[in-house]
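Values in this text are rule-based calculations from the coordinates and carry no lab data. Keep in mind that what you see is a predicted model, and the values were worked out from it rather than measured. Here the Cβ is made from the backbone with ideal geometry for all residues, glycine too, and neighbour counts use every protein chain on show.
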Amino acid sequence: MSHIVCVHGLGGTAATMGPLAAALAAAGHDAVAITLPAHGTTPDHLVGITWREWLDAVPTADVLVGQSMGGALVLAAAAERPDVHAVVCINAPAPDPDAVDGLEWRRSRGHEWVDAPAAAPGEFAYDRLPIESLLTMAEGMLLTDLSAVTQPVLLITSADDEVVDPASSDVIAANLVGPVERCTLEHGGHTASLGPQLDALVDAVLAFVSRAASQPHRRS
């Protein structure tokens, strides 16, 4: 049995990862989904929240599973915490200086908010996001030293992701130094934990966790 923490993306809540956490728990793991600071209330509460606040809210566990921004957060956590044994990233964005430049350009011209992607069925998510928070996320990802992530990582990519470019997984994989496994969901959608291929997602995570648990944990 592994202790597994599931982390949602920007604007979501624990409900976003709830079906995945429930399936992992049903398989015998101690699995929970968390809600990040300033989520689950109103979008205005995101203003002023820092990357460090989000990162510190991610509990240490044997396995960290993150979706979208949650994927970026669990990579950042693994880079800092030797007691994390394995990481699963689902449709995680890659660090991108151009994204920071684009957001700063929009903010410099008086834009403060953007419409959020439509919530998946069963998801409670904000319908708009502060550009400040998107910048916080983008800058936080640039600060993450992916070469410090030596734990096994499973990168799960939805080929039909309408929010994060599927090529982001290639960028992340190229910068990791530990063992990397890849899995593609042809019809997972961006929020794969609430998508039509949830069963395939669960199977991929369970198989990876089993393999990771059978290997001695080593921190380089």
- Query: What list do you get for C6, C183 if you sort them by fewest beta carbons within 10 Å?
  - Reply: C183, C6
- Calculated from DSSP H runs of 4 or more alone, at -39500 (n - 2.57) each and per residue, what is the 222 nm mean residue ellipticity of the chain, nearest 500? -11500 deg cm²/dmol
- Antiparallel DSSP beta bridges within the stretch 80-220, as percent of all bridges there, nearest 5: 25 percent
- Message: Let me make sure I get this right: for the stretch 85-179, a, b and c are the square roots of the gyration tensor eigenvalues over alpha carbons, sorted descending. Under 1.5 in a/c it's rounded, otherwise prolate if a/b > b/c, else oblate. Which is it?
- Response: oblate
- Message: Placing unit charges on C-beta atoms (Lys and Arg positive, Asp and Glu negative, everything else neutral), compute the dipole magnitude of the chain about its Cα centre in debye, rounded to 20.
- Response: 520 debye
- Query: In the neighborhood of V47, defined by Cβ-to-Cβ distances under 10 Å, what is the net charge if each Lys or Arg adds +1 and each Asp or Glu adds -1?
  - Reply: -3
- Average Cα contact separation per residue, the chain, under 8 Å, 6 or more apart, as relative contact order %: 21 percent
- Sum up the charges of everything whose Cβ sits under 15 Å from the Cβ of L206, counting Lys and Arg as +1 and Asp and Glu as -1, but leave L206 out. -4
- the stretch 1-62 shape via C-alpha gyration tensor axes, a/c threshold 1.5: oblate
- What helices does the chain have that are whole DSSP H segments, at least 20 Å long along their own axis by Cα, and with mean Kyte-Doolittle hydropathy of 1.0 or more? 198-214
- Query: For the chain, what D do you get in µm² per second when you plug the Kirkwood radius from alpha-carbon pairs into Stokes-Einstein at 4 °C and 1.567 mPa s?
  - Reply: 76 µm²/s
- Message: Using Cβ contacts closer than 10 Å as the measure, can you line up W54, W105, W113 from fewest to most?
- Response: W105, W113, W54
- Once phi is turned into ³J(HN,Hα) by the Karplus curve 6.51 cos²θ - 1.76 cosθ + 1.60 with θ = phi - 60°, what whole-Hz value does each residue of the stretch 122-127 show in order, with x for glycine and proline? x, 9, 9, 9, 5, 8
